[in-house]
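This report refers to the structure that appears directly beneath it.
Readers should treat all values here as calculations from the given coordinates under stated rules, not as data from a laboratory. Here the structure is a predicted model, which is why all the values come from computation and not from measurement. No Cβ is skipped: glycine too gets one built from the backbone with ideal geometry, and neighbour counts run over all protein chains shown.
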Amino acid sequence: KASQAAEQRGWHLYLVGGAVRDLLLSEAATSTLMITDIDLVVDGFHKSADVGAGVELAKALQEIYPQARLDIHGAFQTAALLWHKDPELDSLWVDIATARTEFYPYPAANPEVEASSIRQDLYRRDFTINALALRLTSPRAGELMDFFGGLLDLQAKQIRVLHANSFIEDPTRIFRGVRFAVRFGFQIEAQTARYINYAIHSGVYDRTSQENSRTPALQTRLKAELKHILEAPYWLSALQLLEQLGALKCIHHDLQLDGRLLRKLRLLERCLHKFAIQETLIPWQISLEVLIAHLDGKYREKVAKNLQLPDDSITRLKKLSQTTSEVIELLPNCQFPSQIVNLLRTYDLETLILIALEGSCLIRKQIWKYLTTWANIQPLLNGNDLKQLGYKPGPQYRKMLDDLLAATLDAVIQNREEAEGFLAQ
Ligand code: ATP
C-alpha cells in the first residue's frame, strides 16, 4: 500500500536500515525473521513547503489503516505509524523519513537525481551493513541499493564504518558497532577499529562523560545504547569488547572492566535470575548502576546524572559509600535473623544488591538469605487475630506484631499456638 501511494505521487520509496540488514541475514541463515521496526525513506517532493513527502505518505497510509496511530516529529521531515496489535503480540512501528533535505522539484524519473538522493540519505548512516536500501517502488521494485559494499560486509561478517570521522562526530556509534558485532558474531573491520582507537585517543569521551555536559542529546543516545546492550543476552561479551576498544571511557574516564568488576557482573547475572520476578527491579538499570558503583564514590552521582538515570538511582549511587560502610560495619554484629531483618529492611532491593556485590562472601550470603527468605516471612498472627484474641486495638499492635515477627524469624515460636502463648507472657 505504501509503495502504491508513493507511486501514485511519482515518488520513490525504500526500505532502509536494520530491516534490510536483518532480511538479508535471515535469508542467509534461513531463519524466521520478526521485524517490529520498519524504516522507510521516501524520495519525493511535496508542493507545499511545510509538508514533507514522508508526512504526506504517512497520512495517506493512515487513511487506509485508521487503526494505526500517526506521530509526526521534527518540523516536517519524519512521521511514524504505530500499530498496536494484540497486547500479547509485539507492535509494529513504521518510520517514514523524507530523503531530500533540499526541497525543490525535480524530475522523479531522472535516475541520476534519484540515486544521488537516496545515496546521500544512506551516507549519513553508521555502518555499511546499515546503509542498504531496498527499492519498493517500480520500476525495479525489489532492487537492492548498495552504494558502500554493505552486502559484501554482511557476507564477510564485518562491521565497517562509512567514513573516517564517524566516531568523532558521534561516539555512541562505537557502542552501536560493538552491539552489532557481538549480536551477529561479526568482527569490527581493522580500519574501523583504528578509527575507533583514534577517536578514543583524541579524547572523544570527554563529550559523553563530562559533567554539566553541553551535549545532553549525546548522553541520551549513550544511555539508549547502554540500555540496548545491557538488556541483551550478550551484554557481558559486549562490555568486554568495549573495554578492549577503550570505549568504556565514554561512561567515565576511569571506568575499566577489571577482574573485580567482571566478578561483580558475573555475580549480578546470577542474582538477576533469582530476582527477575521482582517487578520493581529493572535489570539493565541495575547493571548500569554496578558499572557506575565501580567508580570512586566521588564520581558516581555525576555519572548517574550525566546518563540521566532516574532520581532514585542517582540518590542511591550518591549514598552508596555511606550505606555500604554502614551495612559492612553493622551486619557482622547481628547474631539473629531478626536483627539482620531490622537492619536490612531500611534499604531498597537495588541498594542491597549493590552492597552484596561489594561486600565479603559472608555479607553477600546474609543479604541473599535476607532477600530470598527472611524478607518474605510474615508474623504468625495478624491484626485480626489479635482482635479475636481480645487484645484492644491500638498503637501497641505494631509492637506486638514486630515482636511476633522477630520471634518467628528467630524460631522462638513455630506455630499459632506458640504465638498465642508468646503474646500471653
Ligand atoms: P536494531 O535491530 O538494533 O533496532 P537498527 O539498525 O534498526 O538495529 P536503529 O537504532 O533502529 O537500529 O536505527 C535505524 C537505522 O538508523 C540504522 O540502521 C542506521 O542506518 C541509522 N542510525 C541509527 N543510529 C545512528 C547513528 N548514531 N549514526 C548513524 N546512523 C544511525
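Among the chymotrypsin sites (Phe, Trp or Tyr not before Pro) in region 310-409, those placed in a DSSP loop whose Cβ has at most 15 other Cβ atoms within 10 Å are Y391. Under 13 Å of direct C-alpha separation, and excluding same-chain neighbours fewer than eight residues apart, K264 reaches these aspartates and glutamates: E289, E358.
First measure r as the distance between the Cβ atoms of L262 and K392, then evaluate 1/(1 + (r/R0)^6) with R0 = 60 Å and state the FRET efficiency to the nearest 0.05.
About 0.55, to the nearest 0.05.
Put a dot 7 Å past the Cα of R270, heading toward its Cβ, do the same for Q322, and the two dots end up 3.2 nm apart. Of all lysines in the structure, those lying under 17 Å Cα to Cα from K369, and not within fewer than 8 positions of it along the same chain, are K274. Taking 0.36 nm per residue of sequence separation and removing the Cα-Cα distance, the S360/D403 pair yields an extension gain of 12.5 nm. Neighbour counting of Cβ atoms within 10 Å sorts the residues S321, S313, fewest neighbours leading, into S321, S313. Once each of the trypsin sites (Lys or Arg not before Pro) sitting in a DSSP loop with at most 15 other beta-carbon atoms within 10 Å is removed, the chain keeps 215-344 as its longest stretch. Annotation: the residues M145, M34, M400, sorted from fewest to most other C-beta atoms within 10 Å of their own C-beta, follow the order M34, M400, M145. Using a 7 Å offset from the Cα along the Cα-to-Cβ direction at both Q244 and L144, what is the distance between the two label points in nm, to one decimal? Roughly 2.7 nm, to one decimal.
On the principal axes of its alpha carbon atoms, the chain extends 96, 51, 43 Å, with the longest extent given first. Loop sites here are GluC sites (Glu not before Pro) outside DSSP states H, G, I, E and B with no more than 14 other Cβ atoms within 10 Å. The longest part of the chain free of them is 280-425.
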